[in-house]
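Readers should treat all values here as calculations from the given coordinates under stated rules, not as data from a laboratory. Predicted model only: the values in this text are computed from it and were never measured. Cβ sites come from the backbone with ideal geometry, for glycine too, and all protein chains shown count toward neighbours.
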Amino acid sequence: MSALKTGAFRGFLTVLLGVLCTRALLAGPVVPAFERFHAGKPSPAGGRLLYNELGCVNCHGGSPGLPERRGPVLAGVTQRLDSGWIRDFLLDPARVRPGTGMPRLLEAGQEEVADALVQYLASIPSPKSKGSELRHVNAEHGRELFHSVGCVACHAPAPDYRPAEGRPGDGEFSYPSVLFPDLPRKWGLKALAEFLIAPDKVRPGGRMPGLMLDQEAAVDLAGYLTGYSGSDGRGAPEPSPVQLQPGMVEKGRDWARRLGCASCHEMPGVEPPVVRGLRGGDGGCLEGAGPVRYGLEPVQRAALKEYLGTPGPGGGWKQTASDVLEVLNCAACHDRDGMGGPDAGRRPYFTGDENLGDTGRYPPPLTGVGRKLRPEWLEGVFAGKHRVRPYLKTRMPVYPGWSGPLRDLLVAADRGGKPVVQLPQGEDTAGRKLLGTQGGLGCITCHRWGDRPSLGIQGMDISTMGHRLEPDWLREYLVHPAGYRPGTLMPSFWPEGKAANPEILGGDTARQIGAIYGFAKSANGEPEGFPERGTSEFELVPKDRPLVQRTFLEGVGTHAILVGNPGGIHFAVDGRSGEVVLVWAGRFFDAYQTWFSRFAPFEKPLGDVLWGGTPGETQGQRFDGYRLDADGVPVFLRSAGSQSWEERIEPRDGGLLRRVSWKTGAAPGLRHPDGVRRSEKSGPGWVEHFYQKP
């Protein structure tokens, strides 16, 4: 067996063993919310969920009032997935992917029909992939990501993986995982990485959300899931193109029409079939006797019958926030009104800053979140715009298609039409003092304030509270924090509504909390007690020669190479491409977090940004590192094919001078920063570009 195939087999075996360690393989489809909340006893609510999630509504109508569930986008499917895997899946979906929600539509012996369907699928026009060339794959890093960023909230962990807290087997898995098929056979490495970056492009229903992965993380995660054992992704196997046979394409389109595939999928040239009325409780697909066979478990079949016995069906069911949260499986990570959150078997995989207790490990409860967060902030959370808990390794997924509707449903459910009760505001001096350590409550001892780290444990950034939180919720929380989140380290400075500090604003609780809220909202300075801004013990100050520092830098990524210059113009290079991405003036960089933090954050330069670009690889080019010349200036080494060249970059007259030199061949293709003024000089074997801020 080849090294590639051996790695792929091991990857699949690891994932499969993870499935087996959680629960025996199910005969029927796995719908996470049903398994967790409705599988114990048949109910109309459970049947309603299945009726929606299994696509019954797409064929039979009678809206259950739940988020629409459509099949994956099929444009480009044979470029993403192995055509042989697709063929086998069409013949027997549940055998190829246990737990799938795709019913069996073909009979044994209909292999030719499956071949024709694959031909038709391959004929559907699709946009070309825009992904960069795969160069570096670190499957071991992907394994760490899989077990830390939130994948195991829905999928099974590998049984041989040891999380930071506890061991697999310390707690029970109370509901089954979403099962993986043979991923190494199904996916190409590049296609899976692109899918992981933006799942909604293929599955717009939001059941598989995005986890804000950059390309590097997505490639590493895809490497782990496909069992790829190499480090250079350019050697990874990819799906072979399907050779179209015109007669078979038409035959496949005809079969797609006859089988009703367009009920769930967008299919060019195939009209959705007419909605067919329900047959009642006996026969048909419900009993596994019709043309559509799901292999339902007894409790699933009974729940569907319960739902079909309600008026309509669908009569009286209205979509609520709880319905959407259930369908999107938000309860895998979050508790709401005492229900949900990771079960005992999965809790060890939720990690973060142990200094913050449970708050530093587990995602926050969603109880009352519609009155907790301001609507515009809540919408931004679902759209991926706001992240205020960098200490959590588990990432908040992105649901761009649901950001507005879910915001409205949560606000309606939790506020119930009641207006927001405002707090007294406008007392910035009191708010500044209360938040600080100079006679105040010392909030900045545990909480960050914008780019200022706290003086102790690194809790949530509270500089955003005026834009993030509703004022009446904040008052209730600050008076009794444990009532919202039992076990929190947050104390009450207004126990039973009485101010612990009566010296400020006469001890008036409403005025004190209002002053804190108003000061945060005004963004007028920072609380008292932070050390003076200036040169810290670990600030890097270039004096006689340039300084070079690797770090994680916001806007550049995890491969940032920072170059600080004595003249005060500094820049950051993306270590994957060798391209200058960020340029700033003034102070250079504080290396404390980079050198000493266990969870190194994405840093920011200390000075003022002059211009910035977009990180990423330059197609077909390689970054081969750098050397320092006699003056300590880094010279970056790059190549493409057999050609190589050097780039020396240094400050000059308030800008950057980039000198590119080569020994043989033509001038290399170069990418230039956007939005800058550029001038050029050239000669045999060299070219100089001078960049300035417009």
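With 0.36 nm allotted per residue and the present C-alpha distance subtracted, the W686-D508 stretch has 56.9 nm of extension available. The base-10 log of I(q)/I(0) for the range 539-692, evaluated at q = 0.09, 0.15, 0.19 Å⁻¹, reads -0.27, -0.77, -1.23 [Debye formula, identical scatterers on Cα atoms, solvent excluded]. Dividing the helix sum by the residues of the chain, where each DSSP H run of 4 or more adds -39500 (n - 2.57), gives a mean residue ellipticity at 222 nm of -8000 deg cm²/dmol.
For H147, no residue 5 or more places off, or on another chain, has a built amide H under 5 Å of its own.
Placing dummy labels 7 Å off each Cα toward the beta-carbon, the span from R70 to T429 is 6.0 nm.
How much of the calculated P(r) for the range 188-323 lies past 17 Å, in percent of all Cα pairs?
76 percent
Net length available on complete extension from Q245 to H672 is 149.2 nm, with 0.36 nm assigned per residue and the Cα-Cα distance removed. Ordering F195, G459, L378 by the projection of their Cα atoms onto the charge dipole of the chain, which places +1 on the Cβ of Lys and Arg and -1 on the Cβ of Asp and Glu, puts F195 at the extreme positive end.
For the range 134-262, how big is Rg over Rh, using alpha carbon atoms and the Kirkwood form of Rh? Please report the intermediate quantities before stating the final value.
Details: Rg = 17.9 Å, Rh = 16.9 Å.
Over the Cα atoms of the range 134-262, Rg/Rh equals 1.06.
Amide H to amide H distances under 5 Å link F589 with L540, L606, where only residues 5 or more positions off or on other chains count and H is placed in the peptide plane. Of K318/K418; K372/K604; K372/K521; K318/K521; K186/K251; K385/K433, which pairs sit farther than 27 Å apart, going by alpha carbon to alpha carbon? Distance filter (> 27 Å) returns K372/K604; K318/K521; K385/K433. At 0.36 nm per residue, minus the direct Cα-Cα distance, what do S642 and S174 gain on full extension? Give it in nm, one decimal, please. Roughly 162.8 nm would be gained on extension. Under 5 Å from the amide H of W611 lie the amide H atoms of V583, each residue being 5 or more positions distant or on a separate chain, with H modelled from the backbone and absent for Pro and chain starts.
I need to check one value: relative contact order of the chain, counting alpha carbon pairs closer than 8 Å and at least 6 residues apart, in percent. Display every interim value, and only then the final one.
On the way: 1318 pairs, mean separation 77.0, N = 694.
Taking the mean separation of contacting Cα pairs over the length of the chain, I get 11 percent.
As a ratio to 2.2 N^0.38 Å, the alpha-carbon radius of gyration for the range 3-308 is 1.02.
For the range 346-351, backbone phi angles converted through the Karplus equation (6.51, -1.76, 1.60; θ = phi - 60°) give residue-by-residue couplings of 9, 4, x, 8, 9, 10 Hz, Gly and Pro being listed as x.
Trypsin sites (Lys or Arg not before Pro) within the range 36-112: which are DSSP loop residues with at most 16 other Cβ atoms inside 10 Å? Each step should come with its number before you reach the end.
Values: sites: R36, R48, R69, R70, R80, R87, R95, R104; in loops: R69, R70.
Answer by residue number: R70.
Each residue of the range 450-467 was assigned a 3J(HN,Hα) from its phi angle through the Karplus expression (A = 6.51, B = -1.76, C = 1.60, θ = phi - 60°), giving x, 8, 9, x, 5, 7, x, 5, 9, x, 4, 5, 9, 5, 8, 4, x, 9 Hz with x at Gly and Pro. Between the range 239-276 and the range 343-411, what is the separation of their alpha carbon centroids in Å? Centre-to-centre distance over Cα atoms comes out at 40 Å. Only lysines eight or more places from K190 in sequence, or on another chain, were considered; those with a Cα closer than 23 Å are K5, K128, K130, K201. In terms of packing, defined here as the mean over residues of other Cβ atoms within 10 angstrom, the peptides 669-681, 408-420, 250-262 line up highest first as 250-262, 408-420, 669-681. Of all aspartates and glutamates in the structure, those lying under 16 Å Cα to Cα from K663, and not within fewer than 8 positions of it along the same chain, are E646, E647, E688.
Based on the Kirkwood radius over alpha-carbon pairs, what is the Stokes-Einstein translational diffusion coefficient of the range 428-522 at 25 °C with 0.890 mPa s viscosity, in µm²/s? Don't jump to the answer; show the numbers that get you there.
Values: Rh = 13.3 Å.
This corresponds to a translational diffusion coefficient of 184 µm²/s.
For the pair the range 476-507 and the range 42-120, the centres of their Cα atoms are 53 angstrom apart.
Phi-derived couplings, Karplus 6.51 cos²θ - 1.76 cosθ + 1.60 at θ = phi - 60°, listed residue by residue for the range 543-559: 10, 9, 9, x, 10, 10, 9, 8, 6, 8, 10, 4, x, 10, x, 8, 10 Hz, with x used for Gly and Pro.
When the chymotrypsin sites (Phe, Trp or Tyr not before Pro) in the range 368-431 are filtered for DSSP coil states and for at most 10 other beta-carbon atoms within 10 Å of their beta-carbon, no site remains.
Mind checking the range 542-641 for GluC sites (Glu not before Pro) that DSSP puts in a loop (not H, G, I, E or B) and that have at most 15 other Cβ atoms within 10 Å?
Details: sites: E554, E579, E603, E617; in loops: E554, E579, E617.
Loop-located and lightly packed - E554.
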